[in-house]
1. Arg129 passes all but one of (1) closer than 26 Å to Leu157 by Cβ; (2) outside any loop (DSSP other than H, G, I, E, B); which number fails?
2. Among the residues in the range 136-146, are any modelled with pLDDT of 95 or more, crowded, with 20+ Cβ neighbours inside 10 Å and farther than 18 Å from Leu52 by Cβ?
3. Given the conditions (1) assigned to a helix (DSSP H, G or I); (2) open to solvent by less than 60 Å² (accessible area, probe 1.4 Å), report the number of the one that Leu107 does not fulfil.
4. So Asp93 passes all but one of these: (1) within 23 Å of Ala167 (Cα to Cα); (2) crowded, with 17+ Cβ neighbours inside 10 Å. Which condition number does it fail?
5. Name the residues in the range 126-135 that are of a type in the set (A, V, I, L, M), surrounded by fewer than 16 Cβ atoms within 10 Å (Cβ to Cβ) and free of Cβ contacts under 8 Å to residues at least 60 places away in the same chain, would you?
6. So, Asp23, is that one under 15 Å from Asp150 (Cα atoms) and outside any helix (DSSP H, G or I) or not?
7. What pairs come up if the first residue lies in the range 22-48 and is of a type in the set (Asp, Glu), the second is open to solvent by less than 60 Å² (accessible area, probe 1.4 Å) and outside any helix (DSSP H, G or I), and their beta carbons are under 7 Å apart, counting only those six or more places apart or on different chains?
Amino acid sequence: MTRLAAVLAPILLFLYGVLRLVDGRDGDHGPGLAWNVGHTLFFAAFMLLALLTLGLRRLVADGATPARQAVSTAATAVASFGIGCFLWVIAGDLFEAVPDLPDAVQLVGPLTFQLGTLVLMGQLVAVRRLPVWSPVLLVAGFVLIAVNLDLLPLAALVILGALAPLARPARPAVADASSRG
């Protein structure tokens, strides 16, 4: 599921970004077909990012030291909190009955998602399961979104590039030459 989520989540973010641009052509973002479909895709993207976060934790924890496992568990919890904040806000955008998230939590939530995800990806770089450029690209995608939400389609493509190594099948272990008879 990690491989699928690594591809589908950024694609859904891209589609949300495009629909957001379409919705805003009249100068206003608000309820309507593009808004509702876009936010539904945005919600689905974050559900996939939740699965991806759990998959990253599993990849880090596989054969890891207890200390690395503790860090990956904490990073997963931090990222999951941020994902929960995103889901709450998106649900509030779709349904009036959902109460607003407090402003401070709305500010901290995205940062916790980003921080937790970057720690997990950094741990995968440390154990050589991801290239070093992968989390760098992820940060670039996050920065693009922070600069201007209209850059979301471009940011989604950058994030897709960052997550692409996770979508590839795992390489089989190569036998050490000294272990061959």
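The values are calculated or read from the model by the stated rules, or taken from the named source; none is laboratory data. Keep in mind the model is a prediction, meaning the values are calculated, not measured. Backbone-built Cβ (ideal geometry, glycine too); neighbour counts: all protein chains shown. Just the protein is used for accessible areas: all its heavy atoms, side chains included, with ligands, DNA and RNA removed. Shrake-Rupley method; radii C 1.70, N 1.55, O 1.52, S 1.80 Å.
1. (2)
2. For the range 136-146, residues modelled with pLDDT of 95 or more, crowded, with 20+ Cβ neighbours inside 10 Å and farther than 18 Å from Leu52 by Cβ: present.
3. Evaluating Leu107 over (1) assigned to a helix (DSSP H, G or I); (2) open to solvent by less than 60 Å² (accessible area, probe 1.4 Å) leaves (2) as the failure.
4. Among (1) within 23 Å of Ala167 (Cα to Cα); (2) crowded, with 17+ Cβ neighbours inside 10 Å, Asp93 violates only (1).
5. Ala126, Val132
6. Taking the combined requirement at face value, the residue does not satisfy it.
7. Close Cβ pairs satisfying both conditions: Asp23/Gly32.
Yes or no, residue by residue, for (1) more than 17 Å from Leu48 (Cβ to Cβ); (2) out of contact with any helix residue (DSSP H, G or I) (no Cβ under 6 Å at 6 or more places or on another chain):
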{"position": "Gln123", "(1), (2)": "yes, no"}
{"position": "Val132", "(1), (2)": "yes, no"}
{"position": "Asp150", "(1), (2)": "yes, yes"}
{"position": "Leu157", "(1), (2)": "no, yes"}
{"position": "Leu160", "(1), (2)": "no, no"}
